[in-house]
Each structure stands twice: as C-alpha cells, then as structure tokens.
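Undergrad: Structure incoming, see below.
What follows is calculated from the coordinates using simple rules that are stated; it is not laboratory data. Because the structure is predicted, anything quoted here is derived from the model rather than measured. Quick reminder, even Gly has a Cβ in these numbers, built from the backbone with ideal geometry, and neighbours come from all protein chains shown.
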Amino acid sequence: MKLFYLYAFTLFFLFSCTKPKLVKIYGFAQGTTYSISYYDKNGVEYGSQIDSILNVFNKSVSIYDSLSLITFVNKSSEPVKADKFFIEIFENAQKVSEETNGAFDITVAPLVNAFGFGFKNKEKLDSSHIDSLKKLVNFRYVIIKNGYIYKQYPSVALDFNAIAQGYSVDLISDFLENKGVKNYIVEIGGEVYAKGKKDDGKYWNVGIEKPLYNDLQREIKAKVKIENKALATSGNYHKYYVENGVKYSHIIDPSTGYPVTHSLLSVSVIADNCTKADAYATSFMVMGLNKSLLFLKNHKEFEAYFIYSDKEGNMKTYETEGLKELLTEQKY
C-alpha cells in the first residue's frame, strides 16, 4: 500500500510540475496583422476559433465590409437593429466622447472619407464643403433605443476604427480567459493587452514605436512592462499624405473639421482594457499635449507616453509618473 501511495504521489508531482506550453498564433484581421502568445498546460492551439470570432466581429463593425452592420447603418435612413458588438462599442465610444467633450467622436466618418482616409477617394475640398460636413458630426446625433440604432439625420455616418481594434483585443482576451488561460499577450494592429507573466516570471514587455514617416522602417523608441493592463498607440505618421506642401493626417479634429496640426506625433495609453486605451489614445492625439496633460491630472486611472516635436523640430518625450516606473528601455 505504501508503494502505491508513493507511486501515486510521484505521478501527481510530475504532472503538477509540468510546465505549461507556450503557444504562438499569427494571423490577419481588420486589414492588419495579429500576434497572440499564451501558456496552456496542454498546448491547445485556438487559432481557428480566434479567426472565427474576429470574422464575426468584422461583420458588425468594419466600414470596409460592404455587407457589415455599420455599413448598413451608414447607408440607412431608418432605424437598424443592433447586435451585441455594435452596442458595446457604441456605448463605450459615447462615454469617451462625453468625457473628452467631443474630442473623440464616432460620427467623424464624413470628414474622414472626404479627406481620403476612409473607403472613398479624396474629395475636392474647400472651407464651405468642410463646414457642411461638420454639421453631420456630433456624437449625440446617434442613439440606441430598445436595441435599435437611430440617426438624427440620414447622412450621419459612423466610423469605429479608433476604438474597434482595442475592443477586438479585449474580445480575444476574454476568449482566452474563458478557456482558462491565465498568462497571455494579445496584439492586434499594435494594440495590446497582457495578462500574467512569462514562464521566466517576468511581466510581458511591449515596444512603443518611434514616429517615422517611412512605412518600410520601424524603430522602437521605448519598452514598457505591462502588468495586467492594455496599451494602445495613436499617431499621425502612418496614415497621411502631402498636398501642396501641406501634410494631412488621418486624425481629424471634430471641432475644426480638419486633420490635427499640433506638435504631438504619437501617444501611447495604458488602461485597464484595450477598448479604453485605444479610444483615449486617439482622443489625446486630437486634444494635443497640453490639454491631454490637464485631462490626465483628473484621470489617474490612465498612464501615457507622449512623443512630440519642440519648436526647433526636435523629437521629445513626456511620460506620466506611473508610466516612468514601467519603462524598461528608452532610446534617446
């Protein structure tokens, strides 16, 4: 009997000491790439299920899908039945819009399209045309009531691009949690959520990209450790064009109707979830450095890393106090 117990204990000890297996998954979604790493005791690969979730999600919120729910909403003059994804993103977006006094606004789609950053070609623009499009931009022009989406004017159009990617990161993170995965990192299009630690006991490290106006060149400006948090970055250096000597960024200021022109090049935000991190990163890019810092004084739940140009055109950085403690590397 003693030998039996010793044998059983040995098997239990060996099984309990088996290290979880690292699984890495790569793929394409939302017009970009994704990479996911996690530790699973059986090494189960969830790639096909993750792809399925992201495909269903796109059918709800992708403006590039002619058959998506958001495309139907944008074309419709009648109330449209919303789904779970649409409702959750919409409600999160409205909260951010309220907190930022409209710096974040999902009804900015007509202006995004007019400047050629949506799914349409750039229009011929003048101040009167911009003013007419601005009249369609107000996050309060859209409501969801009894599960239906109502637009105040038929020409109001929505664009979830500044929040959808962050939401999709949270969506996949929740999926992994439901599968019992406790240590993982999910990255979609540069937006990240990390939970737990790596097998070496260290937290996950995430790089913050240096703003370079060259899509063929990538350089890391800083690295931060993520402790059960999300990090999202917004910048004006990937999607832009130059016309008549003027640089036009894809980040539109709803209050002016024009792309932002201030000195802020990029901002990375750390938050409890990636939906918030994504939306507030865009909000800060619209608000600019000074207004963003004032906002952060009253919102200690966020940490941020700003990259901006000084008056001489030199690249500078500013980090909130909490983010400074998370920095593991910074290049000057």
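Undergrad: Along the positive direction of the dipole of the chain (beta-carbon charges: Lys, Arg +1; Asp, Glu -1; about the Cα centre), which of N236, M285, Q165 reaches farthest?
TA: Most positive-ward Cα: Q165.
Undergrad: Percent antiparallel among DSSP beta bridges with both residues in the range 21-330, to the nearest 5?
TA: 100 percent
Undergrad: If you fit an axis through the alpha-carbon atoms of helix 2-16 and take the longest principal axis of the Cα set of the chain, what angle between them do you get, 0 to 90°, nearest 10?
TA: Helix 2-16 sits roughly 20 degrees off the main axis of the chain.
Undergrad: Under unit Cβ charges (Lys, Arg +1; Asp, Glu -1), what dipole magnitude, rounded to 20 debye, does the range 21-330 have relative to its Cα centre?
TA: With only Lys, Arg, Asp and Glu charged at Cβ, the dipole is about 100 debye.
Undergrad: How long is the gain from I143 to Y258 if the chain were fully straight, where each residue apart is worth 0.36 nm and the alpha carbon distance is subtracted?
TA: 38.9 nm
Undergrad: Still on this structure, I have one more. For the chain, set up a GNM with springs between Cα atoms under 10 Å and report which of A164, A82, A230 has the largest fluctuation.
TA: A82
Undergrad: Moving on. Specify whether the C-alpha gyration tensor of the range 21-330 places it in the rounded, prolate or oblate class, a ≥ b ≥ c being the square roots of the eigenvalues: rounded for a/c under 1.5, otherwise prolate if a/b is larger than b/c and oblate if not.
TA: Values: a/c = 1.78, a/b = 1.19, b/c = 1.49.
Verdict is oblate for the range 21-330.
Undergrad: Further question on the same structure: Considering only G166, G201, G322, give the residue with the highest GNM mean-square fluctuation for the chain, with springs between Cα atoms whenever their separation is below 10 Å.
TA: Evaluated over the chain, the most mobile residue of the options is G201.
Undergrad: Hey, another quick one. Could you let me know the centre-to-centre spacing of the range 276-332 and the range 162-193, using Cα atoms, in angstrom?
TA: Cα centroid to Cα centroid, the span is 23 Å.
Undergrad: I've got another one for you. With point charges of +1 on the Cβ of Lys and Arg and -1 on the Cβ of Asp and Glu, referenced to the Cα centre of the chain, which listed residue (A194, V181, S268) lies farthest in the positive direction of the dipole?
TA: Toward the positive end, the furthest listed residue is V181.
Undergrad: Taking the 0 to 90 degree range and rounding to the nearest ten, how far is the long axis of helix 161-178 tilted relative to the main principal axis of the chain, both from C-alpha atoms?
TA: 20 degrees
Undergrad: When the chain is treated as a GNM, springs tying every alpha-carbon pair under 10 Å, which of T317, T100, T32 comes out with the largest mean-square fluctuation?
TA: T32
Undergrad: Under the rule of -39500 (n - 2.57) per DSSP H run of 4 or more residues, summed and divided by the residues of the chain, what mean residue ellipticity at 222 nm is obtained, to the nearest 500 deg cm²/dmol?
TA: After summing the helix terms and dividing by the residues of the chain, the value is -10500 deg cm²/dmol.
Undergrad: Please give the helix 84-99 orientation as an angle from the longest Cα principal axis of the chain, in degrees from 0 to 90, rounded to the nearest 10.
TA: With rounding to tens, the tilt is 60 degrees.
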